[in-house]
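The values are calculated or read from the model by the stated rules, or taken from the named source; none is laboratory data. Because the structure is predicted, anything quoted here is derived from the model rather than measured. Here the Cβ is made from the backbone with ideal geometry for all residues, glycine too, and neighbour counts use every protein chain on show.
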Amino acid sequence: MTELGELSRSQLVLRLVVLVGPVVAVLAGGPAGHWPPWWVIAVVVGLAGGFAAFPESPVGATAMLAVLVWWAAGLDDGLHPAVLVAAAALLVSHVAAVLASYGPGEMPVDPALVRLWVVRGALLLAPVPLVWGLALLLRGEPEEPGVWVVGVAAGLVVTVAAGVALTSEPRREEQ
C-alpha cells in the first residue's frame, strides 16, 4: 500500500473526491427531511475512507450500497430534488475511484484519461434529471402491467447499443 505522503497530487485529489462523494450523498438526505444519525454518518465515512485508500476494492460498492440503503429506507418519497445531488456525488466518487485505480499511487494520472472518464461520467449523468422529471410526472399514476419489464428491456438495449458504439473501432483500409 502506498503511504499518503507518497501519492501524487492528482492521486490525492482523486482519493479526496472518492472519500467525499458517499458522505455528500448520505448527507443529501437531510434537505429531503431525513438527516442521518451520527452512527450512519460514521459508517459511511469509514467505508468511504476505505474506498479512498483502496479504490479498486469492494469496499467502494459497500459504501455506495450503504448510501442507497439509507435513501431507500429513510424516505417515503424518493423524488426530492436532493436525490439528484446524491446521484451525482456517487457517480463522481465512482469515476474518481476508477481513475485512481488505473496505476500506482505515486504515478500522476494522465490528463487524457481524466478527460475520457469525465466525458463518460457526464454521459451517464445526463439522463438522470430527465428520468427524475419523468418519475415526477408519473407520480400517483396507476402502474401499468409490464412497465418494469419494458423498462429493463429498454435499459438493456441502450446498454448494449452504447457498448457496441463505444467499443467498435472504425476499420482502417489496409495498405
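Observations
- Contacts under 8 angstrom Cβ, first residue in the stretch 1-30 being at pLDDT below 95, partner surrounded by fewer than 19 Cβ atoms within 10 Å (Cβ to Cβ) and among the charged types (D, E, K, R), 6 or more apart: T2/E106; E6/E106; L7/E106; S8/E106; Q11/E106
Residue-wise test of (1) under 20 Å from G121 (Cβ atoms); (2) without any contact (Cβ under 8 Å) to a residue 60 or more places away in the chain; (3) out of contact with any Pro (no Cβ under 9 Å at 6 or more places or on another chain).
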{"residue": "M64", "(1), (2), (3)": "yes, yes, no"}
{"residue": "V69", "(1), (2), (3)": "no, yes, yes"}
{"residue": "A72", "(1), (2), (3)": "no, yes, yes"}
{"residue": "A100", "(1), (2), (3)": "yes, no, no"}
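- The residue that is farthest from F51 (Cα to Cα), among those in the stretch 78-99 that are buried (at least 18 other Cβ atoms within 10 Å of the Cβ) and of a type in the set (G, A, S), is A82.
- Residues in the stretch 49-73 that are farther than 20 Å from G103 by Cα, small (G, A, S) and either at pLDDT 95 or above or surrounded by 17 or more Cβ atoms within 10 Å (Cβ to Cβ) (or both): 2 in all.
- Within the stretch 26-85, tally of residues that are acidic (D, E) and within 21 Å of L16 (Cα to Cα): 1
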